[in-house]
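This is the structure I want to talk about, given as structure tokens.
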Amino acid sequence: MQAFLVSTGLVALAEIGDKTQLLALVLASRFRRPWAIIAGILVATLANHALAGAIGRWATAFLADYIEPDWIRWALAAGFVAMAAWTLIPDKLDEDDKPRRKRAAGAFVTTLVAFFLVEIGDKTQVATVALAARYPALVAVVAGTTLGMMLANAPVVLLGHKFADRLPTGGVRYTASACFLLLGIYLAMGSGPITG
């Protein structure tokens, strides 16, 4: 349960102001089909985070054969501290990230493809890799990170510009950064097992 709750909270906070949230806003304004967009976000996030979580679990198992568990713990702790710093940098949606076709593939397919691609290498995907390396409950981590993405993006799709303009993104970014930093400190202090 801890893996699920930590994953949900961290990703929901880290996603505020992220470029995938900005993409959700763009998609909502272009298509005006909120349930198709939300379904596309859900499927894309599940696929992307399942892959990221599998990589995190595989890396932990693979490295456990060659590296001392304390080194893995320190590497993960450093990764969470780096995520804390990265979270402080606001994202912007690049022109290359914006969906180009308005209705050709439909709201669902466009959202699915755009979200999956934009999420590659994103903060929340990297966080999913690290969380899966930290917690042995892969399903709980993927379910938690997916729920966190949905908690951050579904309201943006449903409420559009009104909601996005009123969010205190700076404060949320600092809170998310503090959570990543605390998790990094928690790991560095040797709390909790790191298992492959």
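Rank these by accessible area, largest first, 1.4 Å probe: ARG33, ARG134, ARG57.
ARG33, ARG57, ARG134
For TYR135, TYR174, what's the largest-to-smallest order of accessible area, 1.4 Å probe?
TYR174, TYR135
Continuing with this model, one more query. Using 0.36 nm per residue of separation minus the Cα-Cα distance, give me the extension gain between VAL113 and TRP35 in nm, one decimal.
Numbers: separation 78, 0.36 × 78 = 28.08 nm, distance 1.59 nm.
So the extension gain works out to 26.5 nm.
If I model a spin label at ILE185 and ALA61 as a point 7 Å from the Cα along the Cα→Cβ vector, what separation in nanometres do I get?
It is 3.4 nm.
Kindly sort ILE55, ILE16 by accessible area of their heavy atoms, largest first, with the probe set to 1.4 Å.
Heavy-atom accessible area, descending, gives ILE55, ILE16.
The values are calculated or read from the model by the stated rules, or taken from the named source; none is laboratory data. All figures in this text were calculated on a predicted structure; none of them were measured in a lab. Glycine also receives a Cβ, built like all others from the backbone with ideal geometry; neighbour counts cover every protein chain displayed. Just the protein is used for accessible areas: all its heavy atoms, side chains included, with ligands, DNA and RNA removed. Shrake-Rupley method; radii C 1.70, N 1.55, O 1.52, S 1.80 Å.
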